[in-house]
Every structure is written in structure tokens, then in C-alpha cells.
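Input: a single structure, listed below in C-alpha cells.
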Amino acid sequence: MIKALLKSKMAQFSKQEKIIADYLLNLDTDPRILTSNALADQLGISQSTVIRFTQKLGYESFRTFSMDLSRVYADDLRAKERASATSDSMKVLIDRYEDAIHETHTLNQQATIKTAKSLIENADRIVVYGAANSSIFAEYLANQLNKTGLFIQFAKGIHATLVSVSQLSSRSVVILISQSGETPDTLDVAKQCKASGVPIIALTGHHKNSLHDYADLVLYSSDYAKNLMNIRISQLFLVDILIQELTERK
């Protein structure tokens with residue numbers, strides 16, 4: 001979890017904070033012997049910078065941060081043991097999948113997932129849309145939610161989708177999937193929803209994009225390293241989270 005958190009916040013770090021993050025991402029010694037003072041000395045920065053860095057990550061103290069880091073180190077050791085019996089190509093895929101899943105989990109708070117669940121299960125009608133490659137995930141989400149008894153509408157074409165959206169009200173909800181958040185057809189649907197007061201749940205990258213401005217609630221998929229495989233795994237994981245939450249609803 002810490003590694004995913006570090007990667008997702010890298011662009012927000014100062015120069016010295018990036019030095020700390022890079023060191024922790026490549027840590028090859030047991031962190032149980034690491035203190036804030038020792039880390040500061042090793043990196044040539046002040047102890048207060050190290051403390052502020054851990055607080056910026058959401059930790060109350062370096063001690064609580066170190067405990068989490070130790071768990072990550074132990075997990076990495078177990079992963080290395082598994083990797084010794086795994087082919088190189090499989091290991092690369094496993095690492096990429098894990099990176100995408102961990103970052104997606106870090107980017108989306110449980111409270112936000114619960115809010116999305118509430119919006120969807122209380123809607124009188126739900127329209128799901130995604131253009132181009134995102135249509136695969138939109139169709140998958142719609143098909144799975146149909147099995148829960150919810151009133152789901154899905155159309156691959158933009159014109160049919162706009163017709164469906166025109167029949168919605170503020171009691172409905174539209175789920176839009178677009179990694180870039182700049183797909184013209186998706187933004188056309190978002191504009192029509194906004195004009196009609198129809199709530200929008202957007203599944204999109206966590207970089208700044210136009211879809212954020214239209215959405216009432218945003219669920220973020222991975223942008224890490226702009227790797228297409230990471231992005232697709234992240235999108236699928238995010239969609240499956242929603243499906244899982246709604247499948248288990250009382």
C-alpha cells in the first residue's frame with residue numbers, strides 16, 4: 001500500500017520528498033531498524049523533513065509509518081520467494097497487476113465507493129456509457145448490474161445514449177467511463193446530463209481532466225507511468241469494486 005501511495009503522490013512531492021520516496025521505493029534493508037534520524041542522515045536531509053513527509057502521507061508519527069513499511073518489506077520478501085519459482089514474463093505481469101490494483105485502492109476512499117453504491121442502488125434508472133476502448137468496461141458493468149435487478153441501460157452508440165439520457169431525471173444516474181476524461185462523445189453525454197440535472201458518476205484517470213468538472217462523484221483509475229496495461233487492469237478493478245458492492249447490497 002505504501003508503494004502505491006508513494007507512486008500516486010510523486011508529482012506532488014518537493015525535491016527532497018522525492019529523494020525520500022525514491023529511496024523507500026527501492027528499499028533493500030529491513031525498515032525495522034530504520035529511524036527518522038537515521039533516514040535523514042543517510043539521505044543528507046533534516047529529520048524534520050522526514051517527519052513532515054510521513055505526515056503528508058497521512059501518518060500521525062514516523063513510528064506508525066515504519067510499522068506499515070515493515071509490513072510492505074515482509075510482503076516484498078514473500079513476493080521474491082514466489083518469484084524464484086515464476087518465469088520472468090509472469091513476474092512482470094504480476095508486478096504490474098499488483099501495482100495497478102494497489103494504486104487504484106489508494107486513490108479511492110471507501111466512503112466514496114459507498115456513496116457511488118448509494119447513488120446507483122437508489123436511482124430509478126441508470127445509464128452506463130463509455131466510448132472506444134472504455135465501452136468494453138461500460139458494457140461489462142451494465143451486464144453485471146443487470147443481474148442485480150437494477151434498471152440499467154447501455155448502448156454503444158452515442159446517439160442512442162443521448163436519447164436514453166434525455167429521458168432521465170434527477171432521480172436517475174449516469175455512469176461515464178473515460179480514462180482520458182476528454183473523449184468528445186463522453187463529454188457530450190456529460191453536458192446533457194448537467195443541463196438536465198442528472199447526477200454523474202465518472203470513472204476516469206486522476207489527472208486533471210474535463211470530465212471531472214461535470215461529474216458529481218469521481219472514482220479514479222491508475223495513471224501510473226501511463227502504462228496501458230496498468231490502466232486497463234485499474235479500470236477493470238474499479239468496475240469490479242462497484243459490482244461487488246452492489247451485488248452484496250441488502
Check your understanding: Within the stretch 1-25, which residues are in contact with a Ser or Thr (Cβ under 8 Å, 6 or more places away or on another chain) and open to solvent by 70 Å² or more (accessible area, probe 1.4 Å)?
Key -> 1, 16
Check your understanding: Which residues, taken from the stretch 149-168, are within 19 Å of residue 217 (Cβ to Cβ) and part of a loop (DSSP other than H, G, I, E, B)?
Key -> 150, 168
Study note, to complete from the structure: Residues of the stretch 178-206 being in a strand (DSSP E or B) and under 17 Å from residue 128 (Cβ atoms), in sequence order, are 200, 201, 202, 203, 204
Review point. If you scan the stretch 175-202, which residues turn out to be under 27 Å from residue 9 (Cβ atoms), open to solvent by 10 Å² or more (accessible area, probe 1.4 Å) and in contact with a Gly (Cβ under 9 Å, 6 or more places away or on another chain)?
Key: 179, 180, 183
Practice item. Please work out which residue is farthest from residue 71 (Cα to Cα), limiting yourself to the stretch 26-37 and to residues that are open to solvent by 50 Å² or more (accessible area, probe 1.4 Å) and of a type outside the set (A, V, I, L, M). Key: 37
Point to revise | Residues satisfying the stated conditions in the stretch 38-60, i.e. at pLDDT 85 or above, open to solvent by 40 Å² or more (accessible area, probe 1.4 Å), polar (S, T, N, Q) and farther than 16 Å from residue 5 by Cα | key: 46, 47, 48
Exercise for review: Working carefully through the options 140, 214, find the one that is touching a residue at least 24 places away in the same chain (Cβ under 8 Å) and in contact with a Lys or Arg (Cβ under 9 Å, 6 or more places away or on another chain).
Suggested key: 214
Exercise for review: Specify the residue that is nearest to the chain's Cα centre (by Cα); the eligible residues are those in the stretch 207-250 that are at pLDDT 90 or above and outside any helix (DSSP H, G or I).
Suggested key: 220
Exercise for review: Identify, by number, the condition in (1) part of a helix (DSSP H, G or I); (2) open to solvent by 70 Å² or more (accessible area, probe 1.4 Å); (3) touching a residue at least 40 places away in the same chain (Cβ under 8 Å) that residue 171 doesn't meet.
Suggested key: (1)
Check your understanding: Going through the stretch 154-168 one residue at a time, which ones are open to solvent by less than 40 Å² (accessible area, probe 1.4 Å) and in contact with a Ser or Thr (Cβ under 6 Å, 6 or more places away or on another chain)?
Key -> 155
Review point. List pairs: first in the stretch 39-68 and on the phi < 0 side of the Ramachandran plot, second among the acidic types (Asp, Glu) and buried (at least 17 other Cβ atoms within 10 Å of the Cβ), Cβ under 6 Å, 6+ apart or cross-chain?
Key: 53/17
Revision key, fill the gap. Within the stretch 213-247, residues more than 29 Å from residue 147 (Cα to Cα) and surrounded by fewer than 18 Cβ atoms within 10 Å (Cβ to Cβ) come out as 213, 225, 226, 227, 228
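The values are calculated or read from the model by the stated rules, or taken from the named source; none is laboratory data. All figures in this text were calculated on a predicted structure; none of them were measured in a lab. We place every Cβ from the backbone using ideal geometry, glycine too, and count neighbours over all the protein chains shown. In case anyone asks, the SASA skips ligands and DNA or RNA and just uses the protein heavy atoms, side chains included. Shrake-Rupley method; radii C 1.70, N 1.55, O 1.52, S 1.80 Å.
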